[in-house]
Amino acid sequence: MEVKNSEVAFSEASKVIPGGVDSPVRAFKSVGGTPLFIEKGRGAYIYDIDGNSYVDFVQSWGPLIFGHCDKEIEEAVICAAKNGLSFGAPTLLETKLAGKIVELFDSIDKIRFVSSGTEAVMSAIRLARGYTNKDDIIKFEGCYHGHSDSLLVQAGSGAVTFGTPSSPGVPADFTQHTLLAKYNDLESVKRCFESSNNIACIIIEPIAGNMGLVPADEEFLVGLRELCDKNGALLIFDEVMSGFRASKSGAQGLTNVKPDLVTFGKVIGGGMPVGAFGGKEDIMDKLSPDGPVYQAGTLSGNPVAMSAGLASLEKILRDESFFEKLEERAKMLMEGFEETSRECSIPIQTNVRGSMFGFFFNEREVKNFDDALKSDTKLFAKFHQGMLKEGFYFACSQFETGFICEPINEIMIDACINAVKKTMSKI
Ligand code: KE4
């Protein structure tokens, strides 16, 4: 597999862009090799600038549930663009997209659009703090909610629940209000509530996709709901990834637990920059201009981005069994991984939720970040490189999630499983 042009492009990029990329995970640091520069996408495939083609299981980290260059989405974007790219004024498109999401999520009366998942989460947390008049927040090790300061937190020393900054440039007093708990471990959350009576919210990925794919246990989510109700804190579901990827009502479609606020991104923008956060009316009405909690954005609700998101959601809603079909293909793929791993006696754990799938090279079931960290990341790197050579593009980190998009069919999945057999027998 020739990647000369990507190698040259990467060294050129590195001269003018830090790390040669506009988002760190793209640099292939944890899997090695040169990040591939992509020339175009078509359906299930992406093509790099050396002319190699790959079945794309990343889909821009989730947004492209209809693959690349979907005709309807493309036409919607072109049509919107022909009316103008942005007005900084209300348009009917944002009301329409908001209405669709409100209809699908019974925990949401109102929603506001922003331009990224990070912005959605940052705004939702500010709203939760403003609504409860409390300052502390609880997040979980291994969950990623974008790169706003108070969320770039790592476990403090020992049993201390308060986090410390996980990145230089984040002042310690920006993270002193962030408590860390362990995913799927309700006792660790109770300890947070014992160490602070000033907790505004819990924020969680109800299906974690940033430590690899790790679903929350139902009783864990029930416990979080009870702890929030008992302590006057809001429960925030970060569905930036799982929204319109796990079901047509996101992770909420798969659990009986209802959050107070929800964040979105990725699929609701159809590949264009969109994030959103929504919740019950009495909370959302605290937002400026009617309420005191300030939040704003030049390109929030951008009509071209709204048109891409609308076209995506309209296509999803047209097919009652849309997610069942994608989940079947995800299961077919993971069953192939498991069967091949058994034949090669490589330990593997797999998870599927709707169109999302994950696999860990790990002896034991992964229930939290500590478990995930025990995965064989060296083996993952070899696997990733091997599969690229076979023409299959997986997330370039063990701690990410893979996606099935509508154009990925069973023939491609069969071919992928054959490539897995070839790759695993080599590594
Ligand atoms: P963005 O700001 O990247 O649009 O969204 C942040 C975010 C928030 N919440 C969840 C659950 C997320 O998964 C993300 C972003 N996901 C990563 C990949 N897992 C984006 C890829 C990247 O950082 O380049």
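The values are calculated or read from the model by the stated rules, or taken from the named source; none is laboratory data. Just so it is clear, the structure is predicted and the values come from calculations on it, not from any experiment. Backbone-built Cβ (ideal geometry, glycine too); neighbour counts: all protein chains shown.
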*Is the range 237-257 home to any residue that is touching a Ser or Thr at 6+ places or on another chain (Cβ under 9 Å), over 30 Å from Glu328 (Cα atoms) and not hydrophobic (A, V, I, L, M, F, W, C)?*
no
*Restrict the check to the range 239-251 and report whether at least one residue is near the ligand (Cβ under 10 Å from one of its atoms), modelled with pLDDT of 95 or more, within 23 Å of the chain's Cα centre (by Cα) and aliphatic (A, V, I, L, M).*
yes
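Residue-wise test of (1) away from the ligand (no atom under 16 Å from the Cβ); (2) in contact with a helix residue (DSSP H, G or I) (Cβ under 7 Å, 6 or more places away or on another chain); (3) among the aromatic types (Phe, Trp, Tyr).
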position: Gly43; (1), (2), (3): yes, no, no
position: Tyr47; (1), (2), (3): yes, no, yes
position: Ser53; (1), (2), (3): yes, no, no
position: Gly62; (1), (2), (3): no, yes, no
position: Glu72; (1), (2), (3): yes, yes, no
_Just to check your reading of the model, which residue among Gly269, Gly309, Gly278, Gly301 is within 16 Å of the ligand (Cβ to nearest atom), on the phi > 0 side of the Ramachandran plot and of a type outside the set (Phe, Trp, Tyr)?_
Gly301
_Need pairs with beta-carbon distance below 7 Å; first residue over 16 Å from Phe383 (Cβ atoms) and within the range 409-427, second modelled with pLDDT under 95 and of a type outside the set (Val, Ile, Thr); sequence gap 6+ or separate chains._
none
*asked:* Residues to consider are Gly270, Gly301; find the one that is of a type outside the set (Lys, Arg) and within 25 Å of Phe394 (Cα to Cα).
replied: Gly270
*Just one of the numbered conditions (1) within 20 Å of Gly67 (Cβ to Cβ); (2) free of Cβ contacts under 8 Å to residues at least 12 places away in the same chain; (3) of a type in the set (A, V, I, L, M) is not true of Ala296; which one?*
(1)
*Which one of these is under 30 Å from Glu2 (Cα atoms) and surrounded by 22 or more Cβ atoms within 10 Å (Cβ to Cβ): Asp70, Asp50?*
Asp70
*Does at least one position in the range 200-217 carry a residue that is in the same structural domain as Gly270 (by TED's automatic domain parsing), out of contact with any Ser or Thr (no Cβ under 6 Å at 6 or more places or on another chain), over 27 Å from Val274 (Cβ atoms) and surrounded by fewer than 24 Cβ atoms within 10 Å (Cβ to Cβ)?*
yes
*Taking the stated definitions as given, is Glu205 within 18 Å of the chain's Cα centre (by Cα) and either touching a residue at least 24 places away in the same chain (Cβ under 8 Å) or under 16 Å from Gly354 (Cβ atoms) (or both)?*
yes
*Can you tell me which residues in the range 156-214 are of a type in the set (Gly, Ala, Ser) and either modelled with pLDDT of 95 or more or outside any loop (DSSP other than H, G, I, E, B) (or both)?*
Ala172, Ala181, Ser188, Ser195, Ser196, Ala200, Ala208, Gly209, Gly212
_Verdict on Gly146 being in a loop (DSSP other than H, G, I, E, B), closer than 30 Å to Ile204 by Cβ and of a type outside the set (Ser, Thr, Tyr)_ = yes
*Go over the candidates Ser123, Ser107 one by one and state the one that is within 30 Å of Cys228 (Cβ to Cβ), of a type in the set (S, T, N, Q), outside any loop (DSSP other than H, G, I, E, B) and in the same structural domain as Thr175 (by TED's automatic domain parsing).*
Ser123
*For the range 99-140, how many residues meet the condition of being away from the ligand (no atom under 14 Å from the Cβ) and either over 18 Å from Val267 (Cα atoms) or without any contact (Cβ under 8 Å) to a residue 24 or more places away in the chain (or both)?*
19
*Considering only the range 264-373, give the helices (runs of 4 or more DSSP H) lying wholly within it that have at least 3 residues that are in contact with a strand residue (DSSP E or B) (Cβ under 6 Å, 6 or more places away or on another chain).*
303-318, 322-343
